[in-house]
Amino acid sequence: MNITINGTKHESGKITAAMARRAMELNMEALDTAADAEAVKGNPDAANANALLAKLYENMGARANLICRVFGDAFTPEELMDSLTPAELNGVLNAIVSAK
């Protein structure tokens with residue numbers, strides 16, 4: 001798998017089963033957070049909204065860290081998130097799940 005960060009093309013290393021499993025866990029957490037978002041719609045107080053945003057923030061950071069690990073830490077999570085859209089990050093994570 002290849003990815004371009006800051007104009008530099010990077011190639012992933014071996015995607016292990018543990019990496020693919022962690023990517024699946026992160027996807028499941030994102031689905032749980034989406035379910036929580038539905039609950040917040042019914043009770044939109046500040047504490048619920050803040051908890052939801054905290055989960056989203058944590059999940060995005062964990063996704064970026066995993067992607068960096070897959071690419072041998074050739075770039076930082078900040079560089080990754082500055083270079084890709086959330087949809088592109090999701091695409092990379094899904095490629096890790098399928099070990100492409």
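Since every read-out is calculated from the coordinates, none of them should be taken as a lab result. Since the structure is predicted, the reported quantities are computational estimates derived from the model, not experimental observations. Don't worry about glycine lacking a Cβ; one is built from the backbone with ideal geometry, like all the others, and counts go over all protein chains shown.
Side notes on the structure shown:
- To the nearest ten degrees, helix 17-42 and the longest principal axis of the Cα atoms of the chain are 20 degrees apart.
- Were the residues from Met1 through Ala35 laid out at 0.36 nm apart, the gain over their Cα-Cα distance would be 9.1 nm.
- Between Asn50 and Arg21, the distance separating the two model label sites (each 7 Å from Cα on the Cα→Cβ line) works out to 3.6 nm.
- Helical runs assigned H by DSSP (4 residues or longer) give the chain a calculated mean residue ellipticity at 222 nm of -23500 deg cm²/dmol, each run adding -39500 (n - 2.57) before division by the residue total.
- Amide H contacts of His10 (H built 1.01 Å from N, under 5 Å, at least 5 apart or other chain): Ile3, Thr4, Ile5
- Selected from Asn43, Asn27, Asn65 as most flexible by GNM, with the chain as the system and alpha-carbon contacts under 10 Å: Asn43
- Ignoring aspartates and glutamates fewer than eight residues from Lys9 along the same chain, the ones with Cα atoms less than 16 angstrom from its Cα are Asp73, Glu79, Asp82, Glu88.
- Other residues whose C-beta falls under 12 angstrom from the C-beta of Arg63 contribute a net charge of -2, scoring Lys and Arg +1 and Asp and Glu -1.
- Compared with the dominant Cα axis of the chain, that is its longest principal axis, helix 86-97 is turned about 60°.
- Shape category assigned to the chain from the gyration tensor of Cα positions, a/c cut at 1.5: prolate
- Distance from the Cα centroid of segment 71-100 to that of segment 1-29 is 6 Å (rounded to whole angstrom).
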